[in-house]
1. Projected onto the charge dipole of region A:186-314 (+1 at Lys/Arg Cβ, -1 at Asp/Glu Cβ, origin at the Cα centre), which of A:I215, A:S238, A:V289 gives the Cα projection farthest towards the positive end?
2. So in the protein assembly as shown, what percent of DSSP beta bridges are antiparallel if you round to the nearest 5?
3. Tell me what the protein assembly as shown gives for mean residue ellipticity at 222 nm when only DSSP H runs of n ≥ 4 count, each as -39,500 (n - 2.57), the sum divided by the residue total, rounded to 500 deg cm²/dmol.
4. How many nm is it between the label spots at A:Q280 and B:D33, if each spot is 7 Å from the Cα in line with the beta carbon?
5. Is there a simple number for the mean count of other chain Cβ atoms within 10 Å of the Cβ of residues in B:181-190, and what is it?
6. I need the P(r) histogram for region B:31-81: all alpha carbon pairs, bin width 10 Å from 0 out to the longest distance, whole percents.
7. With charges set only on the Cβ (+1 for Lys and Arg, -1 for Asp and Glu), what does the dipole of region A:23-120 come to about its Cα centre, in debye to the nearest 20?
8. Checking the cross-link filter: which lysines have an alpha carbon closer than 17 Å to that of A:K277, excluding same-chain neighbours under 8 positions apart?
2 protein chains.
Amino acid sequence: MKKIINKPESFVQEMMEGIVAAYSDKVTTLNGDFRVLVKSTPTKEGKVGIVTAGGSGHLPVFLGYVGQGLIDGCAVGNVFASPSAQKMADMIQACDYGSGVLCLYGNYGGDKMNFEMATEMVEMDDIETRTVLVRDDVASSPKSSMEKRRGVAGMVYAFKIAGAAADKGLSLEEVARIAQKALDATRTMGVALSPCIVPEVGKPTFSIKEDEIEIGMGIHGEPGIEVKPMMQADEIASLILEKITADAPLAKGDEVSVMVNGLGATPMEELLIVYRKVHQILSDMGVSVYMPHIGEFATSMEMAGLSITIIKLDEELKPLLRAPATSPFYTNANK
Amino acid sequence: MKKIINKPESFVQEMMEGIVAAYSDKVTTLNGDFRVLVKSTPTKEGKVGIVTAGGSGHLPVFLGYVGQGLIDGCAVGNVFASPSAQKMADMIQACDYGSGVLCLYGNYGGDKMNFEMATEMVEMDDIETRTVLVRDDVASSPKSSMEKRRGVAGMVYAFKIAGAAADKGLSLEEVARIAQKALDATRTMGVALSPCIVPEVGKPTFSIKEDEIEIGMGIHGEPGIEVKPMMQADEIASLILEKITADAPLAKGDEVSVMVNGLGATPMEELLIVYRKVHQILSDMGVSVYMPHIGEFATSMEMAGLSITIIKLDEELKPLLRAPATSPFYTNANK
């Protein structure tokens, strides 16, 4: 195992220590607890809080979106494992600024169970919560059972848009509605070329042959829908866009944002080559692209591969996507 | 070869098409030439121009720093190969806003030869130029022959600081002085864990054993100073800091910025674990850190490994580092 780490069992703790040492002007631990990250910048009283949670190993997801104009808190689990309900409850309490808290997270069993317990726990303190689940991965379940789909990179658009809505002073009901609306308009699919290594396991938990590509693989190595001989960039872009638009059709005149997200080891150059083809296909359909996101937004440590996310925008979502935002891992300087 | 590309020979062209399709609000080709990228945003008449050039395969370096508050143009070569003198001359002409142009680039033979020809070519058009070479890699040559050192990730600090100086309206002489001053205060060293694949070659151009790490390897796979058994994160941080501070000593009360730069395949989590140790060592020395940069700033496609850069700041360099900047690959939203 060739990882630049110290002891595998201190991977998460030391990563968190690095974040707090580097970015204390933006984020901090909750009362010294390295498993709950919150903003260190002031929050306006009465703003709706937005929180998330999930396992480690996906930076910038999840905690990388704790920041101004984004989300307020993140509970941090071990690699690929949910944090506890107690940490989530502590976080929700800390991120209630008087108008309730939106729990916005990926549709994974452990996170869901623990968040359900956590929201019950804070109810006793009269903290109102709403839950919106991210289920953007079209490869993870057919359209007939969409409610089973997993949450992947599309959650970044939900964090950004819901974060801007909360910043505008909208109510919990409204912020939840907008988060759900953004997610209803969002679809993602990925491909993987190589596995990743969980530090405490020390070897790849699955394998992909040297001349093969796994279509639709999840960010924890969940099996995809098909294993194919290695494909060219344009074929990958076309295949993913075909699956996404079959699930959520696009029409001439539509406006979308596109995320081409590297899973960890795939060079930026390759993401741009894929973006080029996505842009061409959309242009040919008469669909225009607004604020493309190309880079690493939701990873699986050293996994090679990428995902493509499409979110269809309207006049409500567009300015919320554009609004300024600053976190250690996501910044735009829009005016 | 498992790269997400189309034809290897169209790698650079298609990457550039992706950039221009995605970011036309920020950057554009020079008169349709995909080998010269310039800003698409307005430039104040009389601002000193800053240009660079280099081979492809290092994104965000070099072209990723063309933007507001950064550099004005970049000539783009094939993978790991210098662009031509003619492209450089075209770029210098386009980036002269009436007060001359600073050529700021890494100390590599091909780039140097071509830039020398290019600056002679534009002299005939009465364009004044200055040249500042980046030679921050302490592993590439001993202190006694510093002038032979290669330029690596430290050039990002030079782009940022010189870019802010030019934006303030300083003269060519002053912008060149400040770029040189920033570089005199900058040292970098890297380690590599795995090779990268040049698309047109199709296989790794060198190898690193599964249980070894190459100390001081260059970003094109230039041999390092030592091959060692794989090391832990803290050992790597200590070793690099030792080499850097032996070359450019730090003292109690000094203030630095630190860049922990991933070479391509190394996860963000690992960069943060290394940053944690760098921060600890500097703290123990009484050295404080300002605006750390942790992420991918200068890569070698899918190479695994990282580099650490230290720049010693003073009251002139600090506000220039902090000044706002926006490019497709580097943004800060500082006020």
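1. So the residue furthest toward the plus end is A:V289.
2. Working: 62 of 106 bridges.
In the protein assembly as shown, approximately 60 percent of DSSP beta bridges are antiparallel ones.
3. Values: 16 runs with 206 residues, N = 670.
Theoretical 222 nm ellipticity from helices: -9500 deg cm²/dmol.
4. A separation of 2.4 nm, rounded to one decimal place.
5. Values: counts 0, 0, 0, 0, 0, 0, 0, 0, 0, 0.
Mean number of neighbouring Cβ atoms from other chains: 0.
6. With 10 Å bins starting at 0, P(r) equals 26, 54, 19, 2.
7. Working: 7 positive and 9 negative charges, 43 e Å.
Charge dipole, region A:23-120, about its Cα centre: 200 debye, nearest 20.
8. Qualifying lysines at Cα under 17 Å: A:K243, B:K3, B:K7.
Here, each number is a calculation from the coordinates, and none is a lab measurement. Nothing here was measured: the structure is a model prediction, and the numbers come from that model. Counting neighbours? That spans all protein chains shown, and the Cβs are built from the backbone with ideal geometry, glycine included.
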